1. Looking only at region 92-117, which residues are assigned to a strand (DSSP E or B), out of contact with any Gly (no Cβ under 9 Å at 6 or more places or on another chain) and surrounded by 15 or more Cβ atoms within 10 Å (Cβ to Cβ)?
2. Residue check: is LYS72 more than 19 Å from the chain's Cα centre (by Cα) and either under 22 Å from HIS293 (Cα atoms) or part of a strand (DSSP E or B) (or both)?
3. Would you be able to say whether some residue in region 30-50 is at negative phi, assigned to a loop (DSSP other than H, G, I, E, B) and at pLDDT 95 or above?
4. Of all the residues that make up region 153-192, how many are without any contact (Cβ under 8 Å) to a residue 24 or more places away in the chain, basic (Lys, Arg) and more than 28 Å from LEU310 (Cβ to Cβ)?
5. Name the single residue that is farthest from VAL143 (Cα to Cα) among those in region 30-67 being small (Gly, Ala, Ser) and crowded, with 24+ Cβ neighbours inside 10 Å.
6. For LEU236, only one of the following conditions fails: (1) without any contact (Cβ under 8 Å) to a residue 40 or more places away in the chain; (2) in contact with a Leu (Cβ under 8 Å, 6 or more places away or on another chain); (3) of a type outside the set (Phe, Trp, Tyr). What is its number?
7. Within region 122-145, is there a residue that is part of a helix (DSSP H, G or I) and surrounded by fewer than 20 Cβ atoms within 10 Å (Cβ to Cβ)?
8. What pairs come up if the first residue lies in region 193-210 and is over 17 Å from LEU310 (Cβ atoms), the second is modelled with pLDDT of 95 or more and of a type in the set (Asp, Glu), and their beta carbons are under 9 Å apart, counting only those six or more places apart or on different chains?
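The values are calculated or read from the model by the stated rules, or taken from the named source; none is laboratory data. Bear in mind that the values here come from a model prediction, so they are computed numbers and not experimental data. Glycine gets a Cβ as well: all are built from the backbone with ideal geometry, and neighbour counts include every protein chain shown.
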Amino acid sequence: MIATVTMNPSLDQHVVVVNLVLDESNRWISYRREPGGKGINVSRVVCELGGDTTAYGFVGGFHGDLLKTILKQKNVPCDFTSIKGETRSNFIITDLKSHRQTRISAPGPEIADGELKKLTVKINSIKPKPKYMVFAGSVPPGVPVDIYKKIIEKTKSLGIMAVLDSADQWLKEGVAANPDIIKPNVREAQALLGVELKTEEDIIYAVKTIVSSGIKVAAISRGRDGMIIADKTMVLKVVPPDVQVMSTVGAGDSSVAGLVLKLSQGGSLEEASRLAVAAGTAATLTSGTELCHKADVEWLLPQVMVEKLLF
């Protein structure tokens, strides 16, 4: 089983307009609400691809109740920790004329010490024990910046494979615990390593540097160019086919889901990276906050090119 932990879930509200005009009244042509948060997205995709998962994290208030209801409707198992605060709501505005997408994200509710303790106790006592636990996304106010480091250390001591997909200070603190897998994008990897990654050679050097530090698998996502991924024995360049991109929301989370799902099934790094890129690419075929569809993933899978690079 793959457990996911989303410290800062959201109710994502997606509005589509034909021509967004600032300082004017605009009418939307479609509107939808989806459960948001990187870990929740990973669980949604694992379910879509036929895997076993449960989503953990904080939820509260009306938005939290609605988030749980929508996940239940989508048959995504969840076991959230209730909080007094209101789950945040994010907004995504897609302009069909300009083909631009604007995201407005909230910081999230304040988390009390007791609420944080309840969550950590819960995820440390999951039965049966998951094979992988994915920690993803930002951390809400009131939660220590080194929270990922602390819970990853505990997770690994329990014999659970830890996966971290975060950014900024949360990623920097989290990698100190040597999670088994990390998947930053190029910008996040640059900030983590303190170097510019201008070329493919730079990115190859970066994944090698990360795995040499004690992390088992490092994957750096490159958008349309796919992914460079490495463990201690090989470096792979994984490239998707050209597709018409509708939205990039959730593409990285879909990649994490594909990667971890295949590894949890005993697949090789090559097989896992192929599924990761197929799932991430499939997510770009859907609009707004909608994630990948299994049929699209299966269609794309044989078209993903995997090249072994010199280690």
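1. Result: ILE93, ASP95.
2. Working: more than 19 Å from the chain's Cα centre (by Cα): yes; either under 22 Å from HIS293 (Cα atoms) or part of a strand (DSSP E or B) (or both): yes.
Yes: the conditions hold for LYS72.
3. The answer is yes; a qualifying residue exists.
4. Looking only at that region, the number is 1.
5. Looking at residues that are small (Gly, Ala, Ser) and crowded, with 24+ Cβ neighbours inside 10 Å, I get SER43.
6. (1)
7. yes
8. VAL195/ASP202; GLU196/ASP202
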